[in-house]
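Peer 1: Have a look at this one.
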Amino acid sequence: MKSLVLLGGGYGNMRILSKILPEVLPQDYQVTLIDRMPYHGLKTEFYALAAGSKSDKDVRVNFPKDERINTVYGEITDIDLDSQIISVGQSRVDYDELVIGLGCEDKYHNVPGAKEHTYSIQTLAAARKTYHDISELPSGAQVGIVGAGLSGIELASALRESRDDLDIFLYDRGERILNQFPEKLSNYVKKWFDEHNVTVVPNSNIVKVSPGVLYNKDTENKHDLIVWTAGIQPVALVRNLPVEHSQSRRVIVNQYHQIPTYPNVYVVGDCANLPFAPSAQLAEEQADQIAYVLKTIWQGKPLPEKMPDIKIQGFLGALGEKKGFAYLMDKTVTGRLASILKSGVLWLYKHHNG
Ligand SMILES: Cc1cc2nc3c(=O)[nH]c(=O)nc-3n(C[C@H](O)[C@H](O)[C@H](O)COP(=O)(O)OP(=O)(O)OC[C@H]3O[C@@H](n4cnc5c(N)ncnc54)[C@H](O)[C@@H]3O)c2cc1C
């Protein structure tokens, strides 16, 4: 029996599973899916768990059940590409083909104290802890959110709706929020924050964090709880693989999404170096291509000389439960429509994967 091993049950590998089961996977293959969690975590919703606007069961779905999927739950501690062995604690799993889809973790940009003194929403366990400690905050407590990208904006707005008794500060590195997108989009999001009493701090540069204090350039800001949403990088296991990496420590892959020196190893999602910002949407588009490459190889057919370009539709963000913002096919969409679109995408995703 041959073995295809999938590391990480995130958006990328869930999509690969759905594409290769039940028909594409050859009869002499077994799939082993390894994750620390016994379910697929909906990372795009972790901000809502942390804010208390969604429950734990709303941000996870079960892994697919199939007699040819063998699931291993535990912490992956080593990936040995030469001997083709994965270590999960004391257990060893070997593979013929491997897909690495372990996602990313916070990047602290060498800011002293940031790792030690801020909360995270990058893993389900971290988002649960953030939720727990936010829930314990007394009325009038001050929450600082560092980073006004998609996840920082979604967290700040969900937290506002979940706790109207907290003072919320959102630290933005830019002159205006979402400054790489049209001003119309920025203005809409900023207006929502103004109307909902969330303080956006533009042109921020957080240089240090100590317990309860954020140092924004030379200003000290006291906060009862600080959440870091100011950058991501592939998980350490992937950053430390003995392969070629990009500047952002993502693994360089060829057009078939294989590691050039280990063509039986594919990298999907946030760990792979691709010409777009990492996203669940990108992980899924790439996963479709990996499933196609695997199928072509299993069928003994030649791979196409040139793989099609990956296309990304844009992004959708939530501003609390009823409003949203989106940038889709170079068009700005705001308000209730964007919120409905976002809920629809999530509903469809759960429907297909639940
Ligand atoms: C708050 C937030 C909002 C977001 N919103 C959007 C959005 O609206 N749209 C969008 O497209 N993207 C969004 N993203 C980005 C998106 O979530 C990621 O790009 C996507 O999850 C990447 O998919 P992946 O398959 O690479 O990895 P992930 O989905 O992160 O999955 C990685 C898996 O690996 C497992 N794992 C990692 N390390 C280990 C280990 N050592 N041992 C065992 N298991 C391990 C994890 O448990 C996890 O299940 C958002 C992210 C965040 C944090």
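One line per residue, one yes/no per condition, for (1) hydrophobic (A, V, I, L, M, F, W, C); (2) under 30 Å from S210 (Cβ atoms):
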| position | (1), (2) |
| --- | --- |
| I20 | yes, no |
| K43 | no, yes |
| N62 | no, no |
| V93 | yes, no |
| E97 | no, no |
| Y119 | no, yes |
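Peer 1: On the basis of being in contact with a Ser or Thr (Cβ under 6 Å, 6 or more places away or on another chain) and surrounded by fewer than 13 Cβ atoms within 10 Å (Cβ to Cβ), does K322 make the cut? Spell out the reasoning first.
Peer 2: Numbers: in contact with a Ser or Thr (Cβ under 6 Å, 6 or more places away or on another chain): yes; surrounded by fewer than 13 Cβ atoms within 10 Å (Cβ to Cβ): yes.
When the stated conditions are applied, K322 passes them.
Peer 1: In segment 41-91, what count of residues is obtained for those that are more than 14 Å from the ligand (Cβ to nearest atom) and hydrophobic (A, V, I, L, M, F, W, C)?
Peer 2: Residues that pass the stated criteria total 3.
Peer 1: Among the residues that make up segment 7-28, is at least one of them of a type outside the set (D, E, K, R), open to solvent by 50 Å² or more (accessible area, probe 1.4 Å), part of a loop (DSSP other than H, G, I, E, B) and within 16 Å of the ligand (Cβ to nearest atom)?
Peer 2: no
Peer 1: Next question, about the same structure. State all residues of segment 294-319 that are in contact (Cβ under 8 Å) with a residue 24 or more places away in the chain and either crowded, with 20+ Cβ neighbours inside 10 Å or polar (S, T, N, Q) (or both); if no residue qualifies, say none.
Peer 2: Once the filter is applied, which keeps residues that are in contact (Cβ under 8 Å) with a residue 24 or more places away in the chain and either crowded, with 20+ Cβ neighbours inside 10 Å or polar (S, T, N, Q) (or both), segment 294-319 yields L294, Q313, L316, G317, A318, L319.
Peer 1: So for segment 216-238 (the condition being open to solvent by less than 30 Å² (accessible area, probe 1.4 Å) and without any contact (Cβ under 8 Å) to a residue 24 or more places away in the chain), does at least one residue qualify?
Peer 2: No, because not a single residue in segment 216-238 is open to solvent by less than 30 Å² (accessible area, probe 1.4 Å) and without any contact (Cβ under 8 Å) to a residue 24 or more places away in the chain.
Peer 1: A follow-up question, please. If P275 passes every condition in (1) outside the structural domain of I79 (by TED's automatic domain parsing); (2) open to solvent by 80 Å² or more (accessible area, probe 1.4 Å) but one, which one does it miss?
Peer 2: Just one mismatch for P275, condition (1).
Peer 1: Another question, if that's okay. For a quick check of your reading of the model, give me the residue pairs whose first member lies in segment 337-349 and is open to solvent by less than 30 Å² (accessible area, probe 1.4 Å), whose second is outside any helix (DSSP H, G or I), with beta-carbon atoms closer than 6 Å and at least 6 apart or on different chains.
Peer 2: Cβ pairs passing all conditions: A338/G324; A338/F325; A338/A326; S339/K322; S339/K323; S339/G324.
Peer 1: Out of the residues in segment 43-90 meeting the condition of being within 26 Å of V267 (Cβ to Cβ) and among the acidic types (D, E), tell me which one is most open to solvent (accessible area, probe 1.4 Å).
Peer 2: Within segment 43-90, the match that is most open to solvent (accessible area, probe 1.4 Å) is D82.
Peer 1: Something else: Which number in (1) more than 24 Å from the chain's Cα centre (by Cα); (2) open to solvent by less than 20 Å² (accessible area, probe 1.4 Å); (3) in contact (Cβ under 8 Å) with a residue 60 or more places away in the chain marks the one condition that L241 misses?
Peer 2: (1)
Results for (1) more than 30 Å from Q247 (Cα to Cα); (2) within 13 Å of the ligand (Cβ to nearest atom); (3) among the aliphatic types (A, V, I, L, M); (4) part of a loop (DSSP other than H, G, I, E, B), shown as yes or no for each residue.
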position: N264; (1), (2), (3), (4): no, no, no, no
position: A283; (1), (2), (3), (4): no, yes, yes, no
position: L303; (1), (2), (3), (4): no, no, yes, yes
position: K306; (1), (2), (3), (4): no, no, no, yes
position: D309; (1), (2), (3), (4): no, no, no, yes
position: A326; (1), (2), (3), (4): no, yes, yes, no
position: A338; (1), (2), (3), (4): yes, yes, yes, no
position: S343; (1), (2), (3), (4): yes, yes, no, no
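Peer 1: Any idea how many residues of segment 164-178 are open to solvent by 40 Å² or more (accessible area, probe 1.4 Å) and either more than 21 Å from the chain's Cα centre (by Cα) or within 15 Å of the ligand (Cβ to nearest atom) (or both)? Write out each step before concluding.
Peer 2: So the first thing to find is which residues in segment 164-178 are open to solvent by 40 Å² or more (accessible area, probe 1.4 Å), and the list is 164-165, 167, 169, 173, 175-176.
Cutting the leftovers down to either more than 21 Å from the chain's Cα centre (by Cα) or within 15 Å of the ligand (Cβ to nearest atom) (or both) gives us 164-165, 167, 169, 175-176.
Of the residues in that region, 6 qualify.
Peer 1: Further, regarding this structure: Can you name the condition, by its number, that L294 falls short on among (1) at pLDDT 95 or above; (2) part of a strand (DSSP E or B)?
Peer 2: (2)
Peer 1: Taking segment 112-136 as the search range and keeping residues that are aliphatic (A, V, I, L, M) and open to solvent by less than 20 Å² (accessible area, probe 1.4 Å), which one is farthest from D80 (Cα to Cα)?
Peer 2: Here is the first cut: in segment 112-136, the residues aliphatic (A, V, I, L, M) are 114, 121, 124-127, 134.
Applying the additional criterion that residues be open to solvent by less than 20 Å² (accessible area, probe 1.4 Å) yields 114, 121, 124, 127, 134.
Details: A114: 31, I121: 29, L124: 26, A127: 30, I134: 40 Å.
Step by step, filter segment 112-136, then rank; the result is I134.
Residue by residue, here is whether (1) within 22 Å of R336 (Cβ to Cβ); (2) touching a Phe, Trp or Tyr at 6+ places or on another chain (Cβ under 8 Å) holds:
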site	(1), (2)
K129	no, yes
H132	no, no
P138	no, no
G144	no, yes
L150	yes, yes
A156	yes, yes
N197	yes, no
N205	no, no
T219	no, no
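Peer 1: Filter segment 220-238 down to the residues that are more than 15 Å from A127 (Cβ to Cβ) and among the polar types (S, T, N, Q), then identify the one that is nearest to the ligand (Cβ to nearest atom).
Peer 2: Of everything passing the filter in segment 220-238, Q233 is nearest to the ligand (Cβ to nearest atom).
Peer 1: Another question about this same structure. Being of a type in the set (F, W, Y) and assigned to a strand (DSSP E or B) is the requirement here; does F276 meet it?
Peer 2: Here the answer is no, as F276 does not meet what is asked.
Peer 1: Consider N254 carefully, then state whether it is open to solvent by 20 Å² or more (accessible area, probe 1.4 Å), assigned to a strand (DSSP E or B) and more than 16 Å from the ligand (Cβ to nearest atom).
Peer 2: In short, no.
The values are calculated or read from the model by the stated rules, or taken from the named source; none is laboratory data. The structure presented is a predicted model; accordingly, all values stated were derived computationally and were not measured. Glycine gets a Cβ as well: all are built from the backbone with ideal geometry, and neighbour counts include every protein chain shown. Side chains are part of the model used for accessible areas, which takes the heavy atoms of the whole protein and leaves out ligands, DNA and RNA. Shrake-Rupley method; radii C 1.70, N 1.55, O 1.52, S 1.80 Å.
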